[in-house]
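Worksheet: one structure, shown below.
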Amino acid sequence: MDDAHNSEHFTLTPIGHVVSDYPDKFGIPRQPGLAPAANAQLVLTAPYNDPHAVRGLEDFSHLWLSFIFHQSPERWSPLVRPPRLGGNKKVGVFASRSTHRPNRLGLSLVRLVGIDSQHGVALKLQGCDLVSGTPVVDIKPYLPWAESHPNALAGFAPETPSLMEVVFHPAALDTLAQRQDSATLLALIEQVLSQDPRPAYKQKDRGSDRLYGVRLRDVDVKFCPRQKGEATTLEVMAIEPYDQ
Ligand code: SAM
């Protein structure tokens, strides 16, 4: 065997990069599909942007993307604290979907809504949970008959996370109304905030004037927690442009 076949080290080359509605990793839902209004494109890089390489892919509705958590540090530890457990209980890294893991490999199941092969190849995706710029190393079509197990056990994350109510201050609605993408941006803001993007330790803040911010598309969305009876609501106070 030559060295390449004998080696215990493997080099991965990105086949393309994601361009998404998420300029920052903060605020991105913790799994794909939780914010279906999130649009993204996977732009393939030469020589992988040959339209032959995606022939037949248009007949699949969902894809697995293997990617690199390029904004995570290379260090990892055997135990991690999943946000789902409030950030204070530990589980093994391989029992989690943590972004801090050996090899920094991620896996997301996303919806394919179109393929543009006019100039190279760009896949149009929905519900992606990836920050803009994420390097993708492989694409595989999803096979529901083999890969869907609705009765499977899901450990410490057995159900879809519960949703927060999201309301909009009239000033924020006015800003939205002036935009061409007002309907899809409103849906995206609602879907992202309903997952409560605040860090686990801040989720105890059940009502204050403290402003939190999350960047989506080309805007900075400012929101406040509000106490409503036993529940906490997130109120969108302002939608501001940010310098890209
Ligand atoms: N579905 C994938 C998986 O299971 O491998 C990702 C799950 S991970 C818990 C999702 C989080 O990764 C998002 O909430 C976001 O904050 C973070 N993230 C997304 N893209 C990233 C990147 N390129 N580098 C580092 N973190 C990223």
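Taken together, the values in this text are just the output of simple stated rules run on the coordinates, not laboratory data. From a predicted model like this one, the values you see are computed outputs, not experimental measurements. Ideal geometry is used to build each Cβ from the backbone, glycine not excepted, and the neighbour counts take in all protein chains shown.
For a quick check, take a GNM of the chain with Cα springs below 10 Å and name the residue from 161, 144, 78 with the largest mean-square fluctuation.
It is 144.
Let me have the relative contact order for the chain, percent, based on Cα pairs under 8 Å that are six or more residues apart.
For the chain, the relative contact order is 25 percent.
Among the listed pairs 90/140; 90/124; 90/228; 25/140; 25/124, give every one whose C-alpha distance is greater than 28 Å. Could the numbers behind the result be given before it?
Numbers: 90/140 32 Å; 90/124 36 Å; 90/228 32 Å; 25/140 24 Å; 25/124 20 Å.
Beyond 28 Å between Cα atoms: 90/140; 90/124; 90/228.
With 5 Å bins from zero, work out the P(r) of the chain over every alpha carbon pair and list the percent per bin.
Once binned at 5 Å, the Cα pair distances of the chain give 1, 6, 11, 15, 17, 16, 14, 10, 6, 2, 1, 1, 0, 0.
Report, to two decimal places, the Cα Rg of region 1-72 normalised by 2.2 N^0.38 Å (N = number of residues).
It is 1.42.
With +1 assigned to the C-beta of every Lys and Arg and -1 to the C-beta of every Asp and Glu, and no other charges, what is the dipole magnitude of region 3-147 about the Cα centre in debye, to the nearest 20?
It comes to approximately 820 debye.
Using all Cα-Cα distances in region 3-147, what percent lands in each 5 angstrom bin from 0 up to the longest?
Bin by bin from 0 Å, the calculated values are 2, 9, 17, 21, 19, 15, 10, 5, 2, 0.
Once label points are set 7 Å from the Cα along Cα→Cβ at both residue 169 and residue 8, what is their separation, rounded to one decimal in nm?
So the two model labels end up 5.7 nm from each other.
Gain in length, residue 200 to residue 94, computed as 0.36 nm per residue apart minus the alpha-carbon separation, to one decimal in nm?
Here the segment from residue 200 to residue 94 would lengthen by 36.1 nm.
Roughly what % of DSSP beta bridges within the chain run antiparallel, to the nearest 5?
Here the antiparallel bridges make up roughly 90 percent for the chain.
Return the loop-located trypsin sites (Lys or Arg not before Pro) in region 96-134 (DSSP other than H, G, I, E, B) with at most 15 other Cβ atoms within 10 Å of their own Cβ; answer none if there are none.
For trypsin sites (Lys or Arg not before Pro) across region 96-134 that sit outside H, G, I, E and B with at most 15 neighbouring Cβ atoms in 10 Å, the list is empty.
Beyond 17 Å, how much of the Cα-Cα pair distribution for region 166-241 remains, as a whole percent?
Tail of P(r) above 17 Å: 38 percent of Cα pairs.
Which residue, chosen from 107, 65, 231, occupies the Cα position most advanced towards the positive end of the dipole of the chain, where the dipole is computed from +1 (Lys, Arg) and -1 (Asp, Glu) charges on Cβ about the Cα centre?
Towards the positive end, the residue furthest out is 231.
What is the dipole size for the chain, taken about its Cα centre, with +1 at each Lys and Arg Cβ and -1 at each Asp and Glu Cβ, in debye to the nearest 20?
980
Please list, by residue number, every one of the chymotrypsin sites (Phe, Trp or Tyr not before Pro) in region 27-95 that is coil in DSSP and has at most 16 other beta-carbon atoms within 10 Å.
Answer in residue order: 60, 76.
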